[in-house]
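Notes follow once the structure below has been shown.
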Amino acid sequence: MKTRKLLSVVVPVYNEQEVITETYRRLKASLSNLDMDIEYIFINDGSTDNTYLKLNELIVNTDVKLINFSRNFGHQIAISAGMDYAKGDAVVVIDADLQDPPEIISEMIEKWKEGYEVVYGKRLHREGETLFKKLTAKLFYRVIDNITDIKLPVDVGDFRLIDKKVCDSMKSLPERARYVRGLVSWVGFNQTSIEYKREKRFAGKTKYPLRKMIKLATDGIISFSYRPLKLATFLGMTVSALSFIYLIAILLQKIFTNSTVEGWASTMVVSLFLNGVMLVVIGIMGEYVGRIYEEVKSRPLYVIGELINFDEGNNTNEY
Ligand code: UDP
Ligand code: MG
């Protein structure tokens, strides 16, 4: 008899007390017809509200597993932890807030059965998000696709299905600055997409304030591109060339005319501009140096406070 395949559903959760019970219900309802065993892996990313209590109500269900982080490590790290512990033949990553409709998962499974190893959800519309969020997201996906060396599909978030093979190769990537969707593109394999409409949040507010959005964006760009460093070099060279021309002009003026130059305004302009450029360049280099430092320290990606409903011997956290 053919053994049934296992599907792991990975759900990162941060302060989603209003949503999480409904998320589990919707997931279960929409996956009930699947001819597969299912494990739901919730990662509680250091929630400070009642999310933990809500999740503890869910763990009476044997298909629910819970990874409880010791503090908030961030969405991308939570997803990575879920992938580390997922046992499934296929792994689906989905947000807890029901913006990504669980009903799409069975379509992803169909594609997976056709032989695709990565099936990502492509957002056609986004509902109930601020204009600012939509615009910055649109811009970000296009910029990052342009300046990175790997192919990153636009308007694609972390809602996706990956095969066990892909999941295993993801686990072998040790880097700390985790931009999961970039890493999935990087490992390759047969990829395809399913288009869907991004709903508005079921309840609660976004857990991605501007600060976290900027971190995600810089992690994504800097982990996958040297272009900013090249830009720094380019800026440096352009400004040097301009300064050189100006220097010649000043010398010629000094030699061939006797107009006394007052000089304060131009000196200020030049020095402010040059200092600005230098700070930008140093800042860009600092971003890379800081990340090198993070990698060199080799700290674990996350610290687990508690593992619930996982089999014995699964409690490793090797990084
Ligand atoms: N999330 C997380 N850790 C964080 C921030 C968010 O695990 O530090 C989870 C959150 O609970 C949700 C998913 O990541 O399941 C996406 O977050 P959110 O819906 O707030 O982002 P948005 O859809 O607004 O970009
Ligand atoms: Mg959301």
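The values are calculated or read from the model by the stated rules, or taken from the named source; none is laboratory data. Here the structure is a predicted model, which means the values were calculated and not measured. Glycine gets a Cβ as well: all are built from the backbone with ideal geometry, and neighbour counts include every protein chain shown. Note: areas computed on protein heavy atoms with side chains; ligands, DNA, RNA excluded. Shrake-Rupley method; radii C 1.70, N 1.55, O 1.52, S 1.80 Å.
Side notes on the structure shown:
- Of the trypsin sites (Lys or Arg not before Pro) in segment 23-128, the ones in a loop by DSSP (not H, G, I, E or B) with at most 15 other beta carbons within 10 Å are ARG71.
- GNM on the chain, alpha-carbon springs under 10 angstrom: the most fluctuating residue among GLY286, GLY74, GLY182 is GLY286.
- Measuring r between the beta carbons of LYS138 and ASP63 and using R0 = 45 Å, the FRET efficiency lands at 0.75.
- Protein accessible area in the chain, 1.4 Å probe - carbon and sulfur %: 61
- Cβ-placed point charges (K, R +1; D, E -1), dipole of the chain about Cα centre in debye, nearest 20: 840
- With 29 Å as the limit, the listed pairs LYS5/LYS297; LYS113/LYS134; LYS65/LYS164; LYS122/LYS171 have LYS5/LYS297; LYS113/LYS134 beyond it between alpha carbons.
- From the Kirkwood radius over Cα pairs of the chain, Stokes-Einstein at 4 °C and 1.567 mPa s returns a whole-number translational diffusion coefficient of 59 µm²/s.
- Note on segment 178-260: Lys pairs 8 or more places apart or on different chains, Cα atoms under 28 Å apart, count 10.
- Label-reachable residues, segment 95-120, where backbone N falls under 16 Å from a point 7 Å from LYS151's Cα toward its Cβ: 116-120
- Using a probe of 1.4 angstrom and keeping all protein chains present, the accessible surface of segment 77-135 works out to 38 square angstrom per residue.
- Surface analysis of segment 187-319 yields an accessible area of 71 Å² per residue, using protein heavy atoms and a 1.4 Å probe.
- Sites LYS215 and HIS125, calculated FRET efficiency, Cβ-Cβ separation with R0 35 Å, nearest 0.05: 0.85
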